[in-house]
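Everything below concerns the one structure shown next.
Please treat every number below as a calculation from the coordinates, not as lab data. Since this is a predicted model, take the numbers as computed values, not measurements. Cβ coordinates were reconstructed from backbone atoms using ideal geometry, including for glycine residues, and neighbour counts include every protein chain displayed.
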Amino acid sequence: MSLTGPYDPDNIFAKILRGEIPAVTVWEDDHVLAFMDVFPQSEGHVLVISKTSRARTLLEVEPDVLARLTAAVHRTARAVNRALSPDGLSVMQFNGEAGGQTVFHLHVHIIPRWADRPMKGHGHAPMAQTAALRPLADRIAAALDRD
Ligand code: AMP
């Protein structure tokens, strides 16, 4: 998949947004959804997506959607930090297959990092079970800013 092209309404995140496949939600509002990456590169790997935009990449996103997405990433990253106390946080976003993107609905990765735990490779992490992800999502949700 290149940097340009039509939005595929059957991409995996579109299916999650339509409730056709399950996801472990951290939090959501009318505009954004934060949910656990099912192939976490580290414990607490969260993805944030727009619910309203059909942007495939950063290049296509509408400015107002990007503003809401960025605010959601900030809020979620602060909660991940409070909930899991990592040593660092990698916030990543990939565009185009050559850029490392595998799902063509714009999304941002929030990946907590610990100095003594190597991060698993992008696209090389084992699948996590809902039973392991739900408690992490609940801890992150409980640490969200409430204002
Ligand atoms: P990217 O490679 O940047 O497009 O990221 C796509 C991310 O989606 C990867 O980190 C995958 O592990 C993740 N992913 C793929 N399928 C699912 C799913 N059903 N639920 C949650 N995360 C997923």
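List of remarks:
- Unit charges on C-beta of K, R, D, E only; dipole of segment 12-142, Debye: 160 debye
- One decimal place: the segment Thr102-Met119 gains 4.3 nm when fully extended, by the rule 0.36 nm per residue minus the C-alpha distance.
- Principal-axis analysis of the Cα atoms of the chain puts helix 63-84 at an angle of about 20° to the longest axis.
- Acute angle (nearest 10 degrees) that the helix 130-142 long axis makes with the longest principal axis of the chain, alpha-carbon atoms: 80 degrees
- Springs join every pair of Cα atoms under 10 Å in this Gaussian network model of the chain, and among Ile16, Ile110, Ile49 the largest mean-square fluctuation is at Ile16.
- Here the Gaussian network model covers the chain, with springs between Cα atoms less than 10 Å apart; of Glu43, Glu28, Glu20, Glu20 fluctuates the most.
- Shape category assigned to segment 12-142 from the gyration tensor of Cα positions, a/c cut at 1.5: rounded
- Amide H contacts of Val32: Lys51, each under 5 Å away and 5 or more positions distant or on a separate chain (H built 1.01 Å from N in the peptide plane; Pro and chain starts excluded).
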